[in-house]
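What follows is a set of notes on a single structure, which appears directly below.
The values are calculated or read from the model by the stated rules, or taken from the named source; none is laboratory data. In this text, all values refer to a predicted model and were calculated from it rather than measured experimentally. Note that we place each Cβ from the backbone using ideal geometry, even for glycine, and neighbour counts take in every protein chain shown.
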Amino acid sequence: MRARLAALLILCAVPAFAQEEGTATPTQPSGEIETTQAAGDDAAIRARIRSIVAELDGFETVDVVVREGIVTFTGEVLNASQVPRLDEIAARVDGVVAIQNEVVEDTDVSRRIDPVLDRFRDRLAQVVGYLPLLVIALVAGGLVTAAGFALARWNRPWVRLAPNAFIAEIYRTILRLAFVVIGVVVALDILNATALLSTLLGAAGIVGLAVGFAVRDTVENFIASVMLSLRQPFQPNDVVDIEGSLGTVIRLTSRATILLDPDGNHVRLPNAVVFKAKIINYTRNHERRFGFALGIDPNDDLSEAKRIGAETLAALDFVLDDPPPQVWVAEAGDSTVTMEFYGWLDQRATAFNAARGEALRVVMAALTQAGIGLPEPSYRLSIAGGGLPVLDLPDRANRPEALVATEAGPAADPAPPVPEDVTADTTISRMVLEERRKEPLGDLLRHGAPPE
């Protein structure tokens with residue numbers, strides 16, 4: 001008897017393993033097997049298992065046969081994942097010796113589509129039942145979001161808190177986003193679906209990270225715009241040099257710094273470049289030094305040349321007395337001695353380039369009048385006797401037929417130099433003012449902001 005039961009157990013195990021390769025071993029009852037079996041035990045086991053299976057969905061076509069305590073399942077199910085449940089149920093019934101599961105997956109199209117339609121109807125019924133609650137959740141979330149947008153539209157508090165309009169708009173955007181998140185949380189809480197919030201936040205974080213890498217340059221430019229609007233390294237109408245781009249500042253926008261170069265052209269520099277660039281602001285200090293170099297004849301009195309240059313610069317109306325003009329010998333060349341001349345002026349009343357050029361002209365004239373030579377760094381031909389001869393060329397217009405040398409007359413004393421007007425030119429300033437009037441909004445620069 002025991003040998004027959006062992007053989008039956010082996011035969012029951014083979015189909016179970018062959019049913020689906022790679023699946024876990026079906027559940028089999030454990031414990032000792034009794035040597036005797038009461039009459040009616042198989043019928044009781046079969047009735048108990050059938051009653052349980054009948055109450056479960058998806059097992060309508062499954063049949064149960066019990067013989068000598070061995071339970072055999074036959075039939076078809078729509079979902080193959082439900083087959084192991086039969087083994088679990090039978091293993092828990094008292095008196096079951098072994099389980100043989102021959103249930104297969106049903107591939108009939110009509111039977112597989114009907115449950116899908118049923119589930120769709122059930123989901124639709126659930127949605128209809130949830131509609132009132134969903135409407136309440138949407139209304140509550142919408143009211144919270146609308147309150148945030150209404151508060152963001154209130155201009156007065158943000159203008160006071162923010163240093164400029166750009167930062168104020170950032171504050172408003174943050175407030176809107178915060179109220180949108182609060183509105184979503186309120187709606188999910190009403191629907192009892194707050195567990196979705198962590199999923200949404202995680203997805204938003206991943207999407208934000210991907211977008212951040214994709215628009216890295218844009219984000220960098222945005223951050224640079226925020227920092228420049230806070231630091232204010234220049235003001236409108238300031239003359240600046242940004243990495244070789246010289247011009248007068250028109251405005252600072254959320255994307256670029258706009259300059260007007262000396263030729264009247266617009267220069268647009270990305271704020272990310274401006275933030276990292278070397279900036280020379282020529283307007284921040286009203287006093288500015290100008291300078292130039294001249295080559296002096298080494299045979300002349302260098303001390304006298306220094307004195308004449310310093311006195312000439314000091315006599316110019318646009319040159320400041322404090323700091324005083326300075327002159328010194330810079331270097332000695334093969335045929336000249338280089339001397340540098342420096343003076344200070346007020347940029348608010350004097351055009352820098354015009355003043356420098358005028359100072360150069362006046363100093364050269366003063367040195368020449370004093371007999372200080374300004375030689376070229378080249379060889380010269382010197383003729384004794386004072387001056388070079390003048391040669392008259394013969395021609396047919398009643399002129400001499402041969403070359404006649406005439407001695408040059410004495411050179412006239414040069415007249416003292418007269419300084420010219422070097423008043424500051426307001427053309428660029430006027431153009432900048434007109435440009436700013438065209439677009440009064442969108443400028444992040446403020447005259448009252450503390451400079452960096």
Which is touching a Leu at 6+ places or on another chain (Cβ under 7 Å), in contact (Cβ under 8 Å) with a residue 12 or more places away in the chain and outside the structural domain of ASN271 (by TED's automatic domain parsing), of LEU252, LEU200, LEU228?
-> LEU228
Report yes if ALA90 is within 43 Å of the chain's Cα centre (by Cα) and not charged (D, E, K, R), otherwise no.
-> no
Residue in the stretch 36-48 that is part of a helix (DSSP H, G or I), closer than 25 Å to GLU105 by Cβ, at pLDDT 85 or above and not acidic (Asp, Glu) present = yes
Subset of the stretch 285-301 [modelled with pLDDT of 90 or more, surrounded by 15 or more Cβ atoms within 10 Å (Cβ to Cβ) and more than 30 Å from GLN235 (Cα to Cα)] = LEU294, GLY295, ILE296
If we ask which residues in the stretch 245-294 are outside any loop (DSSP other than H, G, I, E, B) and among the hydroxyl-bearing types (Ser, Thr, Tyr), their number turns out to be 3
Selection within the stretch 151-197 - more than 27 Å from the chain's Cα centre (by Cα) and among the hydroxyl-bearing types (Ser, Thr, Tyr) = THR194
Subset of the stretch 176-231 [of a type in the set (Asp, Glu) and within 28 Å of VAL274 (Cβ to Cβ)] | ASP217, GLU220
Identity of the residue in the stretch 213-234, part of a loop (DSSP other than H, G, I, E, B) and modelled with pLDDT of 85 or more, that ends up surrounded by the fewest Cβ atoms within 10 Å (Cβ to Cβ) = PRO233
